[in-house]
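Since the structure comes first, as structure tokens, the remarks are kept for the end.
Just so it is clear, none of the values below were taken in a lab; they were calculated from the coordinates. All values reported here derive from a predicted model rather than from experimental measurement. Glycine gets a Cβ as well: all are built from the backbone with ideal geometry, and neighbour counts include every protein chain shown.
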Amino acid sequence: MTKKQKRALWRILAATGLLAVAAVIGRLFPLPWWGEYLLYLLPYAAVGYRVLWDAARGVAAGQMLDENFLMGIATVGALALGEYAEAVFVMLFYQVGELFQSIAVGKSRRSIAALMDICPETATVWRDGEWANVSPEDVAVGETVRLLPGDRVPLDGVVSEGCSLLDTAALTGEPVPRQVTAGDAVISGCINQTGLLTVTVTHRYGESTVAKVLELVETAAERKATSENVVTRFARVYTPIVVASAVLLAVLPPLFVGGFGEWIGRALNFLVVSCPCALVISVPMTFFGGIGAASKAGILVKGGIFLEALERVKTVVTDKTGTITKGNFEVVSVNALNFTDEQLLQLTAAAESGSSHPIAEALKRAIDIDKNTVVSTVTEFSGKGIQATVNGQTVLVGNQKLMNEKKIPFTASDAIGTVLYVAVDGTFAGHVVIADRLKEGAAEAVAAWKAAGVRRVCMLTGDRRETADAVAAAVGIDEVCAELLPADKVIEVEKRLSADGKLLYVGDGINDAPVLSRADIGVAMGALGSDAAIEAADVVLMDDKPEKLAVAIKIARKTMRIVRQNIFFSLAVKVAVMALSAVGLGNLYLAVFADVGVCVLAILNAMRALKVDG
Amino acid sequence: MKKTYRLEELDCAHCAAKMEEAIRKLSGVTGASISFMTQKLTLEAEDEKFDEILQQAAKICRKIEPDCRIVF
């Protein structure tokens, strides 16, 4: 408990004691009305002096309608009407409610702070022949830092020595640790688990992942959700309206039916429920909790406004390469004629060995080219293939167009992927199929998106239609736009934007900044360490698992559900208490419950948003 | 220039919204945001008037919530 909370607790305890004494004395000794009155003024003063003092300060500063002032008026009004016991109890309940509220706010602030606790305070750096502990901000690029088991990585860098397991859960939400050894990149915020590591720093603190993630989550509060703004605007008019109706209630009816005191009593109830705290605290808190829960799962949401949009996602447009497929080509089959498969692959790889095209890279990964191979006179046919002399044989590698052009009879293949036809010394020798592999869990991810409420999934790709269709069929995508140029992607996204339901674009963040910003929600995945994608996207999935998108949508739905519950519940209770009070069935106890009681309940409900349960 | 400050004893969410609104209206302020949850004020204002604006912002906070202080 903070000092302030402790003082409040003492005030409450003192008042409760005095109230008990007053009740006992009142029972034992018959007192005149003014004696009893004075007896009850003591506990009232003990618990309420602070509220009255703050109210006075508020009025002095021109803040007429603050909570202290309204509570002050309500209880002083009750005292004036002779309802002294009620005045004391109401002030007491109000203070207890405020104390609970303050404790609940403090608790959720701490759980949010714990989420942010991913940056170590010191880094152990090699300087002047010894290890020194310095602040991560003071470490320069190129310096060497040491990580003992249990240490958090302070800055982004590359392992220069050692091997260990890294716990990346704080950043990616991924429970399986990642193995690193010399030469691997390490990302700040991860925890070194098993071995001693020395790391060469590659990024200053301000540019390290951990600093970026922290900044992003903290500034997320600035991009407020529409409902958050609506609540704030509503709060601004709510209090004056309720106070005005209280005044009307106190003045108008007595003119016709009389009973001045009775109507003032009813009006006082209005003043007590006129504070919009339950809404103003709990709605932003829920959004914050939702953003916190998402970041715990490795999903960075750049503001409440995107949680609101995520809830209403109806269309997902996805990139193919890097999102649904792995984005690295592999040799998937070899069909040789008159050669062994091994020989054909050797010749093909040798002919392509001078190229840095992804296809050539895939060939190089598939086989080790014989060291004695001699490759000469390489001719490239742009967009069609390549010809080279390998160990004296003329090897032609390319697509159907190239085979037709060189008038080589061949057997066409309908394999999915890129088919390389190979001819040796003018005779068809078979084909090699190279394709992009589906990501593990891609089909399950698409199914999970749909289970989370997505109606339509559309895939954009620059790839051939046959390949794209095959990928789409394998993972359950509804619609395919193939053979697109990069600029076409924006057009295809624009075509699908609609008024009902939001459009979400998910890509790997490479070259898709324009599309990311054009969609209602741009999601970049596998963005760990990629600055451009973190900049351009609205939601960032820290690892490259497409199923995380379904988790993000679920968190958004839960958050919005809690927001709506809180808005509805607080308003319903307040309106009900006002209605009861207007007809004379309410009392100040009910009113205090509608004020602080509802607020505490709304805060407790809001804190559920912090929990991730898939 | 854009800077972030901690707000001590910020206990009332409604007040935070009022402060934010009032600080935004100060001349020379291009952006202001108060997060009740992180107890932080982010102020974006013209460089030459920044210190003066910060003083005014502190005054606004004191006025709306007497115990609330900006930690410079």
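Please express the shape of the stretch A:475-525 as an equivalent ellipsoid: the semi-axes are the square roots of 5 times the eigenvalues of the C-alpha gyration tensor, given largest first in whole angstrom.
Details: eigenvalues 48, 41, 30 Å².
Whole-Å semi-axes of the equivalent ellipsoid: 15, 14, 12.
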Inset, instruction - Calculate how steeply helix A:341-351 sits against the longest principal axis of the alpha-carbon atoms of chain A, using the helix alpha-carbon long axis, and give the answer as 0 to 90 degrees to the nearest 10. - result: 90 degrees
Inset, instruction - Name the residues whose placed amide hydrogens come within less than 5 Å of the amide hydrogen of A:ASP508, ignoring near sequence neighbours (fewer than 5 apart) on the same chain. - result: A:MET525
Inset, instruction - Quick one: work out Rg over Rh on the C-alpha atoms of the protein assembly as shown, Rh as Kirkwood radius. - result: 1.13
Inset, instruction - Read phi for every residue in the stretch A:591-605 and hand back ³J(HN,Hα) as whole Hz from Karplus 6.51 cos²θ - 1.76 cosθ + 1.60, θ = phi - 60°, with x for Gly and Pro. - result: 4, 5, 4, 5, 8, 6, x, 4, 4, 4, 4, 5, 5, 4, 5
Inset, instruction - Compare the Cα positions of A:VAL316, A:ALA74, A:PRO175 along the charge dipole of chain A (+1 at Cβ of Lys, Arg; -1 at Cβ of Asp, Glu; about the Cα centre) and return the one farthest towards the positive end. - result: A:ALA74
Inset, instruction - From other protein chains only, count the Cβ atoms within 10 Å of every residue's Cβ in B:11-24, then give the mean. - result: 6
Legend entry - Reciprocal mean inverse distance between Cα atoms of the stretch A:191-233 - Kirkwood radius, Å: 13.7 Å
Legend entry - ³J(HN,Hα), Karplus 6.51/-1.76/1.60, whole Hz, each residue of the stretch A:472-482, x for Gly, Pro: 4, 5, 5, 10, x, 8, 7, 9, 10, 10, 9
Legend entry - Amide H contacts under 5 Å for A:THR394, placed H, 5+ residues apart: A:ASP425
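Sort the following peptides by mean Cβ neighbour count (other Cβ atoms within 10 Å, averaged over residues), highest first: A:443-455, A:404-416, A:256-268.
The densest-packed peptide leads the list: A:443-455, A:256-268, A:404-416.
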Inset, instruction - Within 10 Å of each Cβ in peptide B:36-44, how many partner chain Cβ atoms are there on average? Round it to a whole number, please. - result: 5
Legend entry - Dipole axis of the protein assembly as shown (+1 Lys, Arg; -1 Asp, Glu on Cβ), positive-most option in A:ALA211, A:VAL280, A:PHE89: A:PHE89
Inset, instruction - Just tell me which aspartates and glutamates come within less than 19 Å, Cα to Cα, of A:LYS407; anything on the same chain fewer than 8 places away is out. - result: A:GLU380, A:ASP425
Inset, instruction - Round to the nearest 10 and give me the degree value, 0 to 90, for the angle of helix A:548-582's Cα axis relative to the longest principal axis of chain A. - result: 20 degrees
Inset, instruction - Post the alpha-carbon centroid distance, the stretch A:292-365 to the stretch A:3-79, in whole angstrom. - result: 70 Å
Inset, instruction - In debye, nearest 20, what is the charge dipole magnitude of the protein assembly as shown about its Cα centre with +1 on Lys and Arg Cβ and -1 on Asp and Glu Cβ, if you could check? - result: 2440 debye
Legend entry - Beta bridge orientation in the protein assembly as shown: antiparallel %, DSSP, nearest 5: 75 percent
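Using the Kirkwood formula over every pair of different C-alpha atoms, what hydrodynamic radius in Å results for the stretch A:140-203?
It is 11.1 Å.
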Legend entry - Listed residue (A:THR340, A:VAL395, A:ILE369) projecting farthest to the positive dipole end of the stretch A:320-417, Cβ model: A:VAL395
Inset, instruction - Report the Stokes-Einstein translational diffusion coefficient (µm² s⁻¹, integer) for the stretch A:304-449, Rh taken as the Kirkwood radius over Cα pairs, at 20 °C with viscosity 1.002 mPa s. - result: 126 µm²/s
Inset, instruction - Order by neighbour count: B:SER27, A:SER227, fewest other Cβ atoms within 10 Å first, most last. - result: B:SER27, A:SER227
Legend entry - Value of D in µm² per second that Stokes-Einstein yields for the stretch A:312-375, Kirkwood Rh from Cα pairs, at 10 °C (1.306 mPa s): 114 µm²/s
Legend entry - Degrees separating the helix A:209-219 axis from the principal Cα axis of chain A, which is the longest one: 40 degrees
Legend entry - Given A:LYS320/A:LYS364; B:LYS2/B:LYS40; A:LYS296/A:LYS545; A:LYS554/B:LYS40; A:LYS320/A:LYS439; A:LYS3/A:LYS107, the pairs whose alpha carbons are separated by over 20 Å: A:LYS320/A:LYS364; A:LYS554/B:LYS40
Legend entry - A:ALA114 versus A:ALA474: modelled label distance in nm, points set 7 Å from Cα along the beta carbon direction: 4.3 nm
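Assigning unit charges at the beta carbon (Lys, Arg +1; Asp, Glu -1) and nothing else, what dipole magnitude in debye, to the nearest 20, does the stretch A:326-437 show about its Cα centre?
Dipole of the stretch A:326-437, to the nearest 20 debye: 200 debye.
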Legend entry - For the stretch A:357-402, projected area of the alpha-carbon convex hull averaged over all directions, nm²: 3.6 nm²
Inset, instruction - Could you list A:TYR421, A:TYR49, A:TYR205, A:TYR589 in order of exposure, starting from the residue whose Cβ has the fewest other Cβ atoms within 10 Å? - result: A:TYR49, A:TYR589, A:TYR205, A:TYR421
Inset, instruction - Taking amide H positions as placed in the peptide plane 1.01 Å from N, state which residues far from A:GLY322 in sequence (5 or more) or on other chains have amide H under 5 Å from it. - result: A:GLY327
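Could you give the dipole magnitude of the stretch A:93-190 about its Cα centre, charging the beta-carbon of Lys and Arg +1 and that of Asp and Glu -1, in debye to the nearest 20?
My answer is approximately 460 debye.
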Legend entry - Rounded to whole Hz, the Karplus (6.51, -1.76, 1.60) HN-Hα couplings of the stretch A:506-517, x for glycine and proline: 10, x, 8, x, 8, 6, 10, 3, x, 5, 4, 7
Inset, instruction - Give the order of A:TRP34, A:TRP10 when sorted by the count of other beta carbons within 10 angstrom, beginning with the fewest. - result: A:TRP34, A:TRP10
